[in-house]
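Colleague: Next up is a structure, given as structure tokens.
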Amino acid sequence: EKGGFEHFMLKEIFEQPRSISDCMRGRLDAQKGRLVLGGLREYLAKLTNADRILIVACGTSWHAGLVAEYFFEEFCRIPVEVEYASEFRYRNPVIREGDVVIAISQSGETADTLAAIELAKSKGAIIFGVCNVVGSSIARATHAGAYTHAGPEIGVASTKAFTAQLTVLNMIALIVAQKKGTITEQKLHELLVEMETIPAKVERALKLNDQIESIAAEFKDARNFIYLGRGYNFPVALEGALKLKEISYIHAEGYPAAEMKHGPIALIDEEMPVVFIATNDSSYEKVVSNIQEVRARKGRVIAIVTEGDKLIPKMAEFVIEVPSVHEALMPMVSVVPLQLLSYHIAVMRGCNVDQPRNLAKSVTVE
Ligand code: M6R
């Protein structure tokens, strides 16, 4: 049932080229100019005319929401707020007519997310769901939505569900952007073509597995880790840190790279591994200076860079090269080495990666 893999988590990481294309199948075809999500149609106008989008989720799904915030704001020009479902539901949030809620959940059973939906619904908001499990409670509680079609995710650490969530959220945003006219036809076409390249690029990123395993061996005894990224890669830093802590029990923090100097920089010494997601995007130069700041304090830098990067290999102790892709789509690729890194470290530490201590696959209690 693990398809020859030692753990479900590894199987699911390796399934991503397939799960991402399954997610796009019948929905996106760049050449035909096709981009449709059947489940959206009835309420699409609500989303297109939304004054604000509120995204509610927990954990990894919340990280997918953060990436979507950048994507929706860039291409749809709609303000987005991303909320932890558990905070949103208990703070008497302002929900106005014209707000649209997007709830993201792999299991579709997360108690806090479900309660946040019920609250927003009671105030008259329209709710879209992005769920993996068909017929789940959240899928049923929402007005409309789109499934991620990633297939069953067994490992407690969410991997293929995350990349599928991003795929769906990007498609939703591009449909809205097209309808609103906030994206040119040319740009839309360019992004659709790029979306179609993602499965092959993830496949290439998976070829880094052996290299990442040897990096894992170097760091398996670390007590702490810092993950840094900017822009679209900031939520990827959070996700990389979450993956590591939940399955390897190593304390890890994800931060926006520029926030480092407001506190976490004090943690850096010659023993601190710092993972930079430093792909070639609009914040590249800024991230390069953040790497220098860490190097100056003797931190051990592991950098995820774009293939062919000439500069960062001179500064980082370890460099992991991922294929180039439009920056808005990079999280789907740049997260893959981080999933593998946490997996190998956890295995080397003898941890139960598929069922880490204290964690359940769906958190059905608040
Ligand atoms: O099923 P959901 O997407 O609603 O679950 C949300 C979180 O519980 C989940 O993402 C959790 O953080 C994972 N264990 C992360 O890998």
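The values are calculated or read from the model by the stated rules, or taken from the named source; none is laboratory data. Since the model is a prediction, treat every value here as computed from it, not as a measurement. No Cβ is skipped: glycine too gets one built from the backbone with ideal geometry, and neighbour counts run over all protein chains shown.
Colleague: Among the residues of region 72-124, count how many are more than 20 Å from the chain's Cα centre (by Cα), surrounded by 22 or more Cβ atoms within 10 Å (Cβ to Cβ) and assigned to a loop (DSSP other than H, G, I, E, B).
Modeller: Counting residues in region 72-124 that are more than 20 Å from the chain's Cα centre (by Cα), surrounded by 22 or more Cβ atoms within 10 Å (Cβ to Cβ) and assigned to a loop (DSSP other than H, G, I, E, B) gives 1.
Colleague: Additional query: Picking from Ile212, Ile172, Ile183, which residue would you name as being away from the ligand (no atom under 16 Å from the Cβ), within 16 Å of the chain's Cα centre (by Cα) and of a type outside the set (Gly, Ala, Ser)?
Modeller: Values: Ile212 fails: within 16 Å of the chain's Cα centre (by Cα); Ile183 fails: within 16 Å of the chain's Cα centre (by Cα).
When all the criteria are applied, what remains is Ile172.
Colleague: Still on this model: Residues in region 39-53: is at least one within 25 Å of Glu153 (Cβ to Cβ), surrounded by 15 or more Cβ atoms within 10 Å (Cβ to Cβ) and of a type in the set (D, E, K, R)?
Modeller: Checked against the condition, which is being within 25 Å of Glu153 (Cβ to Cβ), surrounded by 15 or more Cβ atoms within 10 Å (Cβ to Cβ) and of a type in the set (D, E, K, R), region 39-53 yields no hits at all.
Colleague: Name the single residue that is nearest to the chain's Cα centre (by Cα) among those in region 125-145 being outside any loop (DSSP other than H, G, I, E, B) and among the small types (Gly, Ala, Ser). Explain how you work it out, then say what you get.
Modeller: Residues of region 125-145 that are outside any loop (DSSP other than H, G, I, E, B), as a first pass: 126-131, 137-141, 144-145.
From the residues that got through so far, the ones that are among the small types (Gly, Ala, Ser) too are 129, 137, 139, 141, 144-145.
Details: Gly129: 16, Ser137: 23, Ala139: 20, Ala141: 24, Ala144: 22, Gly145: 19 Å.
Selected residue: Gly129.
Colleague: Still on this structure, please answer the following. Could you list, in sequence order, the residues of region 57-109 that are polar (S, T, N, Q) and more than 16 Å from the ligand (Cβ to nearest atom)?
Modeller: Within region 57-109, just Asn92 meets the criteria.
Colleague: Now for a different question. Residues to consider are Gly151, Gly124; find the one that is at positive phi, at pLDDT below 95 and more than 11 Å from the ligand (Cβ to nearest atom). Break it down into steps so the answer makes sense when it comes.
Modeller: Details: Gly151 fails: at pLDDT below 95.
Just a single option satisfies the conditions, and that option is Gly124.
Colleague: Residues being surrounded by fewer than 17 Cβ atoms within 10 Å (Cβ to Cβ) and part of a helix (DSSP H, G or I): count how many of those fall in region 1-38. So that I can check it myself, show each step before the final result.
Modeller: Filtering region 1-38 for residues surrounded by fewer than 17 Cβ atoms within 10 Å (Cβ to Cβ) gives 1-6, 18, 25-26, 29, 31-34, 36, 38.
Right, trim to part of a helix (DSSP H, G or I) and you get 18, 38.
Adding up the residues that qualify gives 2.
Colleague: Lys314: more than 16 Å from the ligand (Cβ to nearest atom), at positive phi and without any contact (Cβ under 8 Å) to a residue 40 or more places away in the chain, yes or no?
Modeller: Values: more than 16 Å from the ligand (Cβ to nearest atom): yes; at positive phi: no; without any contact (Cβ under 8 Å) to a residue 40 or more places away in the chain: yes.
In short, no.
Colleague: On the given criteria, is Asn224 closer than 16 Å to Val322 by Cβ and free of Cβ contacts under 8 Å to residues at least 60 places away in the same chain?
Modeller: Values: closer than 16 Å to Val322 by Cβ: no; free of Cβ contacts under 8 Å to residues at least 60 places away in the same chain: yes.
For Asn224, the condition - closer than 16 Å to Val322 by Cβ and free of Cβ contacts under 8 Å to residues at least 60 places away in the same chain - is not met.
Colleague: Is it true that Arg18 is more than 22 Å from Gly181 (Cα to Cα), free of Cβ contacts under 8 Å to residues at least 40 places away in the same chain and not β-branched (Val, Ile, Thr)? Break it down stepwise before answering.
Modeller: Details: more than 22 Å from Gly181 (Cα to Cα): yes; free of Cβ contacts under 8 Å to residues at least 40 places away in the same chain: no; not β-branched (Val, Ile, Thr): yes.
The answer is no for Arg18.
Colleague: How many residues are in contact (Cβ under 8 Å) with a residue 24 or more places away in the chain, in a helix (DSSP H, G or I) and more than 30 Å from Ser248 (Cα to Cα) if we restrict to region 153-186? Before the answer, list the steps.
Modeller: Here is the first cut: in region 153-186, the ones in contact (Cβ under 8 Å) with a residue 24 or more places away in the chain are 153-180, 182-183.
With in a helix (DSSP H, G or I) added as a condition, the list becomes 160-180.
Filter again for more than 30 Å from Ser248 (Cα to Cα), leaving 170-180.
Here the count works out to 11.
Colleague: With the requirement that a residue be more than 16 Å from the ligand (Cβ to nearest atom), at negative phi and of a type outside the set (Ser, Thr, Tyr), what does region 228-250 give you? Quick ask: steps written out before the conclusion?
Modeller: Quick first cut of region 228-250, residues more than 16 Å from the ligand (Cβ to nearest atom) only: 228-234.
Those still in the list that are at negative phi too: 228-230, 232-234.
Of everything in region 228-250, those that are more than 16 Å from the ligand (Cβ to nearest atom), at negative phi and of a type outside the set (Ser, Thr, Tyr) turn out to be Leu228, Gly229, Arg230, Asn233, Phe234.
Colleague: While we're here: With a cut-off of at least 3 residues that are modelled with pLDDT under 95, name the strands (runs of 3 or more DSSP E) lying wholly within region 257-366. Steps first, please.
Modeller: Details: elements: 273-277, 300-306, 318-322.
Fully inside region 257-366 and qualifying: nothing.
Colleague: Would you check if Gly3 is of a type outside the set (S, T, N, Q), modelled with pLDDT under 95 and within 21 Å of Ala141 (Cα to Cα)?
Modeller: Working: of a type outside the set (S, T, N, Q): yes; modelled with pLDDT under 95: yes; within 21 Å of Ala141 (Cα to Cα): no.
No: the conditions fail for Gly3.
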